[in-house]
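The values are calculated or read from the model by the stated rules, or taken from the named source; none is laboratory data. Bear in mind that the values here come from a model prediction, so they are computed numbers and not experimental data. Here Cβ is always computed from backbone atoms with ideal geometry, including for glycine, and neighbour counts include all displayed protein chains. These area figures cover heavy atoms from the full protein model, side chains too; ligands, DNA and RNA do not enter into them. Shrake-Rupley method; radii C 1.70, N 1.55, O 1.52, S 1.80 Å.
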Amino acid sequence: LGRLALPLVARSHAFLARSPGGNLSVSEMERRLAAIGSGRSRLTPRERQVCARTIAGIGAEGIACDLGIAIASVLTYRQRAYRRVRVSNALQLAALVMH
């Protein structure tokens, strides 16, 4: 299990540490996600955390490990977020964040 989890954790920390100069950092993506939508379509803090890591290319298992939540929770938060901002996949979500 450790051989599977350690590379995921290392990869997620590499994404978290990136600077906005090249690729957007996860915290910058979370900030941009916070600006999307209004009222009921606004993402919750946990949905923003999950979506930012999804956009960064981290899989559900890595996100779950990084945030200390179950994989099923990651999938639920992601599905709920997609519905709120009216997208159907990570590519469409990334397009919202990048523009």
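For region 23-99, carbon and sulfur atoms together expose 51% of the accessible surface, with a 1.4 angstrom probe and every protein chain in place.
Label-to-label distance, Arg46 versus Ile71, with points set 7 angstrom from Cα along the beta-carbon direction: 1.9 nm. Toward the positive end of the charge dipole of region 37-99, with +1 on the Cβ of Lys and Arg and -1 on the Cβ of Asp and Glu, the farthest Cα among Ala52, Tyr82, Ile69 is that of Tyr82.
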